[in-house]
Amino acid sequence: MSNRPFEVTGMTNKEKQHILLDNPDALSSVLSKLELTAEVYANGDYCGAWGIDTSGSRKIPFHLIGRGRAWLHLPNDQVTPLSTGDLVIFPRDIEHVISDSEAPPAPTIINQGANTSEGDSTNVVCGFFEFTNKAAWPLLDSLPELVHLDLAQQANNSAIRLLIDLMIRELQNKQQGYYAVINQLSYLLFIEIIRQQIKQGHIESGLLVAMFDNKLSNALSLIHNHPKQQWTLESLAKASAMGRSSFASRFHTLIGMPAMQYLSHWRMQQAMQLLSNGDQSMYDIAEQVGYHSEVAFRKAFKKITGMTPGAVRRKNKLF
């Protein structure tokens, strides 16, 4: 029996695709399966001498200047001024410090909380994006070390400007539910930033570019949404409306690995999640990721992950 609240009958599959949202696009499916979360954990007004360092969390830190001015300090003495509405994101969690001065802050004042001294204050919002599923490696590899968005330069991107404005407004008004709203706005902001980075050509290759490719995105959606299907290079090429050779070449060029290798890696990452988060039998897990033989699944899993399925399951039962 279907889980849908209603059934659409008398229509072709192609016609249903225009009505039912049951076949997520490549980016939506990967963000869902990699379990993207967003959270704001600090919102403070800083006066006098101050500094903030959130690097080293193994997450994707971001900082929004809600009001006032600040300075971003990066390795090799790189310094960038920040003002109201500026958003900085660190997809690879590089070393960084945000402070009140162009000069590097003294180590003793970093992360000492909001200074309540008199004078002009700067409102800083700190948060992070995180992929719970560690299979996010190819996605994050596509992103630059730093994304800096200047609100004043977002006139042509109404979605990003609107989301930042809404975040600032929610933080100022602090109505009931604002914490949940901020986290959801942060999630939406991450997606809009990915879209912008692709459109402006800041990302030229990798999984993200392939997801926005008119042809390869179809194949990626099929791989992500239906890993148990017996995909072949020919069937994926056909779904992309391409010839076998041209599809194989384009896929390898953009993503950096052959299509069938990517399929195998995706299947094993999904198997890793199933092994870590449930108690399904090994055969059931193998079947869900496209293997009709438990022996073949165990062999492929060990080859790609370097661990046996049983070792992964035992490791997670210890915690």
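The values are calculated or read from the model by the stated rules, or taken from the named source; none is laboratory data. Here the structure is a predicted model, which is why all the values come from computation and not from measurement. Note: ideal-geometry Cβ built from the backbone for every residue, glycine included; neighbour counts use all protein chains shown.
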Checking 130, 118 in turn, the sole residue that is in a strand (DSSP E or B) and at pLDDT below 90 turns out to be 130
If you check 193, 203, which single one turns out to be in a loop (DSSP other than H, G, I, E, B), at negative phi and at pLDDT below 90? 203
Could you identify the single residue in 70, 49, 103, 38 that is aliphatic (A, V, I, L, M) and within 23 Å of the chain's Cα centre (by Cα)? 38
Contact list please: Cβ distance under 6 Å, first residue in the range 193-215 and under 13 Å from residue 147 (Cα atoms), second residue crowded, with 19+ Cβ neighbours inside 10 Å and small (Gly, Ala, Ser), pairs at least six apart or on different chains. 203/142
When the residues of the range 273-319 are narrowed to those that are in a helix (DSSP H, G or I) and among the small types (Gly, Ala, Ser), which ends up surrounded by the most Cβ atoms within 10 Å (Cβ to Cβ)? 286
So residue 227 ticks every box in (1) under 26 Å from the mean Cα position of the chain (by Cα); (2) in a helix (DSSP H, G or I); (3) under 24 Å from residue 212 (Cα atoms) but one. Which box is left unticked? (2)
Would the range 265-272 turn up any residue that is of a type in the set (Gly, Ala, Ser), surrounded by fewer than 20 Cβ atoms within 10 Å (Cβ to Cβ) and assigned by TED's automatic domain parsing to the domain that holds residue 225? no
Filter result for residue 249 (within 23 Å of the chain's Cα centre (by Cα) and either buried (at least 19 other Cβ atoms within 10 Å of the Cβ) or not basic (Lys, Arg) (or both)): no
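Okay, residues lined up against (1) of a type in the set (D, E, K, R); (2) free of Cβ contacts under 8 Å to residues at least 12 places away in the same chain; (3) assigned to a loop (DSSP other than H, G, I, E, B); (4) over 20 Å from residue 181 (Cβ atoms):
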| position | (1), (2), (3), (4) |
| --- | --- |
| 23 | no, no, yes, yes |
| 44 | no, no, no, no |
| 54 | no, no, yes, yes |
| 65 | no, no, no, no |
| 94 | no, no, yes, yes |
| 105 | no, no, yes, yes |
| 108 | no, yes, no, yes |
